[in-house]
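Below is one structure, written out as C-alpha cells; the observations come after it.
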Amino acid sequence: MDTAYADDFLPEALQFRPSAPLVDIGANLTHDSFGRDLEAVIQRAQAAQVTTMIVTGTDLAHAEQAVALAKQYPGLYATAGVHPHDASRWDDNLERAMAALHAMPEVVAVGECGLDFNRNFSTPKEQERAFEAQLALAVESGLPLFLHERDAGQRMREILHAWRDDISHAVVHCFTADRDTLFGYLDLDLHIGLTGWICDERRGHHLRPLVSDIPLERLMVETDCPYLLPRNLPAKLKGRRHEPALLPWIVREIAQWHGMSETELGAATTQTAQRFFRFPTESKKEY
C-alpha cells in the first residue's frame, strides 16, 4: 500500500513487536481521526502483534460502522450499544436496531453501555433506563457486556447485582476508579479492562498498586484509541493520536505493576479476551 504521508508511520523508537499476540478490546476506529489512514493503522497494529481489535460501537451509527469494518478487515470485531451520554435517545426503534446488530456474527458484545454521572449529558434516570434495556438485550442475545462507568460505581454495582444471575460475562472497560469500586466489581465476577491511564503518573498513579489484585483470568487490555495516549512512550508522537500499535507499551506498564514479564501478561490477557468474547474457532486470516 502506498502511503502519502510521512507521519503515518510511528517513530522507530515506538515500533514495538512483543513475542505474544495481543487483543485490543476497545478501539474507537470509527473516529474521524482514522478516516485518512485506517488501513495503515491496521497494518501497524498487525506489525506490533496486535492481531485482534474490537471496534467500539457507542451509538447506532458507530455500531453499524464498526460492523462494516469488521466485515472488511480480518482480525476486527465489533460491539454494539448506546453510550450513557446518548441514553436520552433510547426508544423502541433503537432497541430493535440494536437487537438486529447483536445477531450479527461480527458483534461480540453488547455495549458500550452503562452509567456516567460525571457529565450527565443524559439524566441519571435516562441512563438507567437505557442501561437496563441493554442488559435485557444481553440476556436475550447471550452476548457479554462491554461496560462504561464513571462516578457511578455504587449505582452500577446495585443494578448489575440485580441482573448478575441472568447476564453472562461483563467487562468494565477503561477502569479508572478506586480500590473499593474495583473489589466491588470483582465480587460480582466482572472483568476489568485497563488502558494507558495507568501510564499517566499524574492521574493514574492510584491504579498501580491495585493492578496485582486483578486476577489474570479477569484482566484485559485496551487502547481506547484515539484517546488516552500513554505517557510512558519513549518518543513523542506527532498529532498525539493514540492507535492500537501502541498497545504493547500499555502491556509493558501493566506487567511491571503486576510483577511479571510483559510476555506472560500479554499471553494471559489474550487468553482471557479469547475466552470472554468467544471469537470464532476458525480465526480470520491475517490482514
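The values are calculated or read from the model by the stated rules, or taken from the named source; none is laboratory data. Computed from a predicted model, the values in this text were never measured in an experiment. Neighbour counts are summed over all protein chains in view; Cβ atoms, including those assigned to glycine, are modelled from backbone coordinates with ideal geometry. Side chains included, ligands, DNA and RNA excluded: accessible areas come from the protein's heavy atoms. Shrake-Rupley method; radii C 1.70, N 1.55, O 1.52, S 1.80 Å.
Structural remarks
- Boolean, ILE167 is among the β-branched types (Val, Ile, Thr), free of Cβ contacts under 8 Å to residues at least 40 places away in the same chain and farther than 21 Å from ASN28 by Cα: yes
- Some residue of the range 223-232 being among the hydrophobic types (A, V, I, L, M, F, W, C), at pLDDT 95 or above and closer than 18 Å to LEU145 by Cα: no
- Test: residue in the range 75-83 that is in a helix (DSSP H, G or I) and more than 30 Å from ALA268 (Cβ to Cβ): no
- For GLU262: the one exception among (1) open to solvent by less than 10 Å² (accessible area, probe 1.4 Å); (2) in contact (Cβ under 8 Å) with a residue 24 or more places away in the chain; (3) closer than 14 Å to PRO18 by Cα: (1)
- Restricting attention to the range 64-114 and to residues that are over 16 Å from GLN134 (Cα atoms) and free of Cβ contacts under 8 Å to residues at least 12 places away in the same chain, the residue that is surrounded by the fewest Cβ atoms within 10 Å (Cβ to Cβ) turns out to be GLN72.
- The residues of the range 115-132 that are in a loop (DSSP other than H, G, I, E, B) and open to solvent by 60 Å² or more (accessible area, probe 1.4 Å), listed by number, are ASN118, ARG119, ASN120, PHE121, THR123.
- Residues satisfying the stated conditions in the range 29-57, i.e. within 29 Å of ASN93 (Cα to Cα) and buried (at least 24 other Cβ atoms within 10 Å of the Cβ): LEU29, MET53, ILE54, VAL55, THR56, GLY57
- Test for VAL23: is it open to solvent by less than 10 Å² (accessible area, probe 1.4 Å), out of contact with any Phe, Trp or Tyr (no Cβ under 6 Å at 6 or more places or on another chain), under 17 Å from LEU246 (Cβ atoms) and not in a helix (DSSP H, G or I): yes
- Residues that are within 18 Å of ILE42 (Cα to Cα), touching a strand residue (DSSP E or B) at 6+ places or on another chain (Cβ under 7 Å) and not β-branched (Val, Ile, Thr), drawn from the range 61-118: ALA66, LEU69, ALA70, GLY75, LEU76, TYR77, ALA78, GLU106
- On inspection, ALA255 qualifies as small (Gly, Ala, Ser), in contact with a helix residue (DSSP H, G or I) (Cβ under 6 Å, 6 or more places away or on another chain), closer than 25 Å to ASP187 by Cα and in a helix (DSSP H, G or I).
- Pair list, Cβ under 7 Å, 6 or more apart: the range 190-209 residue within 24 Å of ARG157 (Cα to Cα), other residue of a type in the set (Lys, Arg): HIS191/ARG218; ILE192/ARG218; TRP197/ARG203; ILE198/ARG208
- Boolean, ARG17 is of a type in the set (D, E, K, R) and touching a residue at least 60 places away in the same chain (Cβ under 8 Å): yes
- Pairs where the first residue, in the range 135-151, is in contact (Cβ under 8 Å) with a residue 60 or more places away in the chain and closer than 19 Å to TYR185 by Cα and the second is basic (Lys, Arg) and open to solvent by 40 Å² or more (accessible area, probe 1.4 Å), C-beta under 9 Å, 6+ apart: PRO144/ARG278
- For LYS284: the one exception among (1) at pLDDT below 95; (2) outside any helix (DSSP H, G or I); (3) touching an Asp or Glu at 6+ places or on another chain (Cβ under 9 Å): (3)
- Looking across ALA63, ALA40, one residue alone is outside any strand (DSSP E or B) and closer than 22 Å to GLU149 by Cβ. It is ALA63.
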